[in-house]
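Okay, so here's the structure we're looking at.
The values are calculated or read from the model by the stated rules, or taken from the named source; none is laboratory data. Everything quoted here is computed from the prediction, not taken from an experiment. Ligands, DNA and RNA are excluded from the accessible area calculation, which covers all protein heavy atoms including side chains. Shrake-Rupley method; radii C 1.70, N 1.55, O 1.52, S 1.80 Å.
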Amino acid sequence: MRKSVDVDAAGADGEVLWRAADTDAHLRSRVLRAGGTVVVGLGFGGLVFASGEQGVAAVIMGCVLLVGLPVAFHWLRDSRAVVEVDAVGGDRSVLRLRRAVGGTVDVPAGSVSRVHLVTTPFQEPDTPGDGTAVLHLRTRQGRRYRCRFAGMDTRRRARFQEAWSRVCPAASFTTGARTWPLPSGDYD
């Protein structure tokens with residue numbers, strides 16, 4: 001039985017090494033709806049073009065593509081994102097990565113060569129917590145896995161690093177920081 005715990009928990013049967021803040025299981029239906037909307041918009045633009053209004057049709061089709069392509073690219077990229085990493089098997093020798101669309105990938109823990117944690121601290125003083133983090137994994141075979149973001153504070157970061165160094169002792173653990181631009185409001 002899989003335990004429903006946070007990033008910093010350790011279990012006996014399986015250890016949760018990463019759990020994203022958003023484990024949206026409905027990504028596939030959202031992609032299909034967005035794709036349907038783009039197809040309907042392009043179809044409408046085609047009908048307007050066939051009726052003789054080429055300028056209006058070009059504007060409609062351009063707007064649909066201008067909005068639809070970046071959204072489609074983001075969702076396709078996000079569909080490959082990992083939302084949960086569990087250490088399972090004897091001596092936790094296998095990492096089970098669950099993707100946003102629901103598929104799982106089993107990766108031998110010994111094949112992980114790099115664990116890279118990118119943190120983003122919150123800039124506003126009234127925001128609870130320390131910030132968020134994104135996890136990037138690289139295997140010796142050259143495969144790369146990007147995880148969705150999760151909340152991260154100093155306590156969780158220390159437990160996170162300890163758990164990953166125990167499960168993947170041969171992997172190099174690196175960290176990075178990314179900052180958001182300051183908001184334009186005045187803070188006195």
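When the accessible area of segment 46-108 is split by element with a 1.4 Å probe, what percent falls to carbon and sulfur?
Values: 2460 of 3590 Å².
Reported share for carbon and sulfur atoms: 68 percent.
Looking at segment 61-119 from every direction and averaging, what is the projected area of its Cα convex hull in nm²? Provide the component values of the computation, followed by the final result.
Numbers: hull surface 23.2 nm².
If I average the Cα hull's projected area over directions, I get 5.8 nm².
Hey, what's segment 23-172 come to in accessible area per residue, 1.4 Å probe, Å²? Let's see the in-between values first.
On the way: 8490 Å² over 150 residues.
Normalised by residue count, the accessible surface of segment 23-172 is 57 Å².
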